[in-house]
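Below is one structure, written out as structure tokens; comments come after it.
The values are calculated or read from the model by the stated rules, or taken from the named source; none is laboratory data. Keep in mind the model is a prediction, meaning the values are calculated, not measured. Quick reminder, even Gly has a Cβ in these numbers, built from the backbone with ideal geometry, and neighbours come from all protein chains shown.
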Amino acid sequence: MLRTIFRRLYLAIMLLLAAIIVVPHFLDRVYYRGPATNHFDGARFFNPDGGDLPLTGPNRYFTTKRILRFFFADGRPDWPEIPVTPSKPPARVEGEAMRVTWIGHATALVQTQGLNILTDPIWSNRASPLPGLGPKRHRAPGIDFDDLPKIDLVLLSHAHYDHMDIPTLWKLWNRDKPLIVTSLGNDAILKGNSIEAVARDWGQSVTVRPGVQIHIDRVHHWGTRSAKDHNRMLWSAFTVTLPGGNLYFAGDTGFGDGHWPYEAAAHGPVRFALIPIGSYEPRRMMAPNHIDPPEAVTVFERLGAMYAVGIHWGTFQLSAERIDDPPAALRAALATAHVGADRFRTLEAGEAWDIPIVPVDRMGHRSDEDRSSGSDDEGG
């Protein structure tokens with residue numbers, strides 16, 4: 001008990017110091033310059049559907065009182081260490097066969113069409129800029145880094161430390177020189193660490209090869225690496241168009257207006273989706289930034305996806321639910337929505353799933369009439 005109290009106090013103090021530190025003006029980094037748009041005011045990015053938490057100023061949400069209440073609230077669970085048996089994936093998966101392996105948190109290896117695709121890779125033991133500080137892993141990576149096949153493509157959703165892990169990205173870049181695709185501003189952070197990336201805005205795309213294209217899609221989130229650079233970089237999801245049906249990676253997102261899954265579905269039938277299901281409690285704090293399992297099921301349905309795996313859970317303790325609450329809540333939400341649990345699954349770290357091959361013309365895809373009739377509070 002005392003060990004738990006001291007650990008929470010230590011982490012709370014570190015977060016308070018990060019929240020109150022005054023960063024000199026010359027450290028107020030500008031990662032992107034460009035014209036104002038419906039989600040960029042000329043200096044910082046924002047969610048065009050509204051609902052952003054104020055992060056600075058007298059009305060900022062993450063106050064000292066809220067941080068202390070979050071870390072010391074009654075009933076906040078202790079997370080155990082979960083034993084993991086790492087797996088060793090094949091070198092390649094060819095043609096329309098598709099294999100996904102959950103490595104942990106938002107990191108997954110998707111193998112299809114002879115491509116090895118890695119999402120938000122993090123092999124570090126802590127999601128933090130400082131050694132020994134910050135949220136630590138409670139599940140080891142499901143694949144040892146040295147057992148990773150050559151990575152061709154990295155999808156990097158945003159700049160938070162549990163998603164943009166510079167030590168891992170540096171190792172990947174120096175080993176494999178993969179194509180790293182991200183959204184505006186994040187490439188400047190990577191370049192400062194001798195890592196090359198291609199950055200695009202929402203609605204833009206990157207061609208990998210004929211028949212394989214990456215679309216950068218809108219989601220509802222935020223980005224920061226320090227106390228002064230909040231929203232200097234964009235956040236995004238990705239749709240990878242593939243001959244056997246598209247791959248969708250949601251990254252990290254709140255529900256927002258709930259229309260962004262329709263925008264991704266417009267790229268064509270979604271065969272497989274990676275959708276976050278964790279870090280959702282307490283809802284008043286987490287709802288603007290993290291969907292919960294019922295909202296994840298709504299996203300799955302609005303995408304018209306055939307299959308999905310729940311990610312962003314059970315690895316780093318970023319919220320107040322128990323370590324394995326998200327899979328149970330997902331099963332309950334699927335039952336309520338009458339969606340087969342064999343279509344939207346969770347995996348253990350290191351577990352692989354061979355995604356069934358489905359003719360593209362049989363993949364679910366809601367009509368424009370269905371989309372326009374969906375209300376904004378659905379799933380919220």
task: Mind listing just one residue for me: the one in segment 307-334 that is of a type in the set (A, V, I, L, M) and surrounded by 24 or more Cβ atoms within 10 Å (Cβ to Cβ) and, of those, farthest from the chain's Cα centre (by Cα)?
output: LEU330
message: Six or more apart or on different chains, Cβ atoms under 6 Å: show the pairs whose first residue is in segment 335-361 and farther than 17 Å from THR315 by Cβ and surrounded by fewer than 15 Cβ atoms within 10 Å (Cβ to Cβ) and whose second is among the hydroxyl-bearing types (Ser, Thr, Tyr) and modelled with pLDDT of 95 or more.
response: ARG343/TYR307
- request: Please work out if ILE291 is touching a strand residue (DSSP E or B) at 6+ places or on another chain (Cβ under 7 Å) and more than 17 Å from LEU109 (Cα to Cα).
  value: yes
field: Filter result for the condition that a residue is crowded, with 17+ Cβ neighbours inside 10 Å, among the hydroxyl-bearing types (Ser, Thr, Tyr), within 14 Å of THR168 (Cα to Cα) and touching a strand residue (DSSP E or B) at 6+ places or on another chain (Cβ under 9 Å), over THR119, THR101
entry: THR119
task: Kindly establish whether GLY185 is crowded, with 24+ Cβ neighbours inside 10 Å, of a type outside the set (A, V, I, L, M) and modelled with pLDDT of 95 or more.
output: yes
message: Take the residues in segment 216-227 that are surrounded by fewer than 23 Cβ atoms within 10 Å (Cβ to Cβ) and closer than 15 Å to ALA188 by Cβ; name whichever of them is farthest from the chain's Cα centre (by Cα).
response: SER226
query: For GLN213, which of the numbered conditions (1) crowded, with 18+ Cβ neighbours inside 10 Å; (2) in a strand (DSSP E or B) fails to hold?
result: (1)
statement: In the set SER124, SER128, the lone residue that is among the polar types (S, T, N, Q) and touching a helix residue (DSSP H, G or I) at 6+ places or on another chain (Cβ under 6 Å) is SER124
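Each row is one residue, and each column tells you yes or no for (1) touching a strand residue (DSSP E or B) at 6+ places or on another chain (Cβ under 8 Å); (2) among the hydrophobic types (A, V, I, L, M, F, W, C); (3) under 22 Å from VAL100 (Cβ atoms).
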| residue | (1), (2), (3) |
| --- | --- |
| VAL240 | yes, yes, yes |
| GLY245 | yes, no, yes |
| PHE255 | yes, yes, no |
| ARG284 | no, no, no |
query: Of the residues ALA97, ALA106, ALA91, which single one is under 15 Å from the mean Cα position of the chain (by Cα) and aliphatic (A, V, I, L, M)?
result: ALA106
Contacts under 6 angstrom Cβ, first residue in segment 291-320 being closer than 21 Å to GLY244 by Cα, partner among the charged types (D, E, K, R) and not in a strand (DSSP E or B), 6 or more apart: GLY304/ARG366; TYR307/ARG343
task: Could you figure out which of (1) in a loop (DSSP other than H, G, I, E, B); (2) under 23 Å from ARG345 (Cα atoms) isn't true of ALA264?
output: (1)
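Please determine, by comparing only the residues of segment 150-163 that are assigned to a loop (DSSP other than H, G, I, E, B) and in contact with a Leu (Cβ under 6 Å, 6 or more places away or on another chain), which one is farthest from VAL198 (Cα to Cα). Walk me through how you get there before you give the answer.
Step one: of segment 150-163, the residues assigned to a loop (DSSP other than H, G, I, E, B) are 150-152, 156-163.
Those left that are additionally in contact with a Leu (Cβ under 6 Å, 6 or more places away or on another chain): 151-152.
Working: ILE151: 16, ASP152: 14 Å.
Among those that are assigned to a loop (DSSP other than H, G, I, E, B) and in contact with a Leu (Cβ under 6 Å, 6 or more places away or on another chain), it is ILE151.
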query: Out of (1) closer than 25 Å to ARG29 by Cβ; (2) part of a loop (DSSP other than H, G, I, E, B); (3) of a type outside the set (Val, Ile, Thr); (4) in contact with a strand residue (DSSP E or B) (Cβ under 8 Å, 6 or more places away or on another chain), what's the single condition that is false for TRP173?
result: (2)
- prompt: Do we have any residue at all in segment 222-232 that's over 26 Å from ARG33 (Cα atoms) and of a type outside the set (A, V, I, L, M, F, W, C)?
  reply: no
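Taking the criterion of being acidic (Asp, Glu) and closer than 26 Å to GLY34 by Cβ, would at least one residue in segment 280-290 satisfy it?
Checking segment 280-290: not a single residue is acidic (Asp, Glu) and closer than 26 Å to GLY34 by Cβ.
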